[in-house]
Amino acid sequence: MKKILIIGATGQIGSELTMTLRSIYGGQNVVAGYIIGAEPKGELLESGPAEVCDVTDAPAISEVVKKYGIDTIYNLAALLSVVAEGKPKLAWKIGIDGLWNVLEVARENGCAVFTPSSIGSFGPSTPHVMTPQDTIQRPRTMYGVTKVTTELLSDYYFLKYGVDTRAVRFPGVISNVTPPGGGTTDYAVDIYYYAVRGEKFTCPIKEGTLMDMIYMPDALKAAIDIMEADPSRLIHRNAFNIASMSFAPETIYASIKKYKPDFEMVYDVDPLKQSIADSWPDCMDDSCARNEWDWKPVYDLDGMTRDMLEKLPARILK
Ligand code: AKB
């Protein structure tokens, strides 16, 4: 039975990953690591152990790992792309100094580590259509710089010390439990909240801008499946392209309009978000993930829209 620590358990991905891992491995075997000010609540707090575990505090990580006999760490601590541009030093401190702490604790305690990369690890000179697994990665954002470094440092710890590091490059993750904070792809989450509240949505991303996106259940499946994969099949490790759907703002708008015909969207392009979006792939080639650990997403855009519009009202309309 695995003993798992999730660092960043109250964030967008962490809050749902913690609950899913608890349903698979048992509540007591999955520790929700959080920072002061982002405490777990409700079922996240009640369904298993929770510990303060700041990624920038190596002794605290070590203490939690030893206390619970942790063998797998999901390190989800990061500032997303837009926020990281405003706080580059903090983005590095959390993303890279924090990763160093996690990898050192993992090396000392024999833990496997998942630290996600992102479509943000690519840049303007990357081929944008069917972006290959192994290609040019010269991002111009601090988020991208930390994500490329994450991939390299994670590979280094595997090659040099045998730490079992594995990860995926997440597309924009769309979900209905915990909202994301400060990403370029957040518009594709926000649009559903506006549609459900019956409000007009102002899109900060230009018509025609394609980006890879994924629905949370598939993102969780990827994070769990890669850590369960047969290591003898893995040629790559940090980090796999995973594709699911790729769309522009007008396409997600049209998908929502099928179910909410009165929904309205206008554009007011945010230059920072747009420049980041323009530097990212239109769609990634995920054949390595498909070949090496049988990656296969379930949701397409319409399937996601139906599920979001079904689940979101109960969460946000009181
Ligand atoms: C962001 O937009 O910053 C993130 C990402 C794609 O990594 N959602």
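For the reader, a short list of remarks on this structure follows.
- Length gained when the stretch Glu46-Glu63 is fully extended (0.36 nm per residue, less Cα-Cα span): 4.0 nm
- Distant-in-sequence amide H partners of Phe247 (H built 1.01 Å from N, under 5 Å): Met211, Met213
- Candidate aspartates and glutamates for bridging to Lys260, where Cα separation is under 19 Å - those fewer than 8 sequence places away on the same chain excluded: Asp190, Glu199, Glu250, Asp300, Asp302, Asp307, Glu310
- Rounded to the nearest 500, the 222 nm mean residue ellipticity of the chain from helices alone is -13000 deg cm²/dmol, with -39,500 (n - 2.57) taken per DSSP H run of at least 4 residues.
- Virtual spin-label span in nm between Glu264 and Val129, 7 Å along Cα→Cβ: 3.6 nm
- The phi torsions of the stretch 302-309, fed into the Karplus equation with coefficients 6.51, -1.76 and 1.60 and a -60° offset, translate into couplings of 5, x, 5, 4, 4, 5, 4, 6 Hz, rounded to whole numbers, with Gly and Pro shown as x.
- Averaging 1/r over every pair of different alpha carbons in the chain and inverting the result gives a Kirkwood radius of 19.7 Å.
- Filtered GluC sites (Glu not before Pro), the stretch 110-207: DSSP coil and at most 11 other beta carbons within 10 Å: Glu199
- On full extension, the segment bounded by Arg233 and Arg290 gains 19.4 nm, given 0.36 nm per residue less the C-alpha separation.
- The mean of 1/r over all pairs of different alpha-carbon atoms in the stretch 150-195, once inverted, gives a Kirkwood hydrodynamic radius of 13.0 Å.
- With 5 Å bins from 0: P(r) over the stretch 85-226, alpha-carbon pairs, percent: 2, 9, 15, 19, 20, 17, 10, 5, 3, 1, 0
- Close amide-amide hydrogen proximity is noted between Phe170 and Ser117, Ser118, Ile119, each under 5 Å apart and 5 or more residues distant or on a separate chain (H modeled in the peptide plane; Pro and chain starts excluded).
- Here the chain is treated with +1 on each Lys and Arg Cβ and -1 on each Asp and Glu Cβ, and its dipole about the Cα centre works out to around 280 debye.
- Links that overshoot a 22 Å alpha carbon limit, given the list Lys2/Lys67; Lys221/Lys311; Lys2/Lys311; Lys147/Lys273; Lys221/Lys257: Lys2/Lys311; Lys221/Lys257
- Accessible area per residue for the chain is 42 Å², calculated with a 1.4 Å probe on protein heavy atoms, without ligands, DNA or RNA.
- Computed Rg/Rh of the stretch 177-291, alpha carbon atoms with Kirkwood Rh: 1.03
- Largest to smallest principal axis extent of the C-alpha atoms in the stretch 1-62, angstrom: 29, 24, 18
- Cα long-axis angle, helix 98-109 against the chain (0 to 90 degrees, to the nearest 10): 40 degrees
- Solvent-accessible area of the stretch 1-52 (1.4 angstrom probe, protein heavy atoms only): carbon and sulfur portion equals 56 percent.
- Maximal additional length on extending the Ser23-Leu317 stretch stands at 103.1 nm, based on 0.36 nm per residue less the C-alpha distance.
- On a per residue basis, the convex hull of the C-alpha atoms belonging to the stretch 30-138 measures out at 143 Å³.
- Amide H within-cut-off set for Ser125, under 5 Å, with H built and near neighbours excluded: Arg138
The values are calculated or read from the model by the stated rules, or taken from the named source; none is laboratory data. Remember, it's a predicted structure, so these values are computed and weren't measured experimentally. Here Cβ is always computed from backbone atoms with ideal geometry, including for glycine, and neighbour counts include all displayed protein chains. All accessible areas refer to the heavy atoms of the entire protein, side chains included, with ligands and DNA or RNA removed. Shrake-Rupley method; radii C 1.70, N 1.55, O 1.52, S 1.80 Å.
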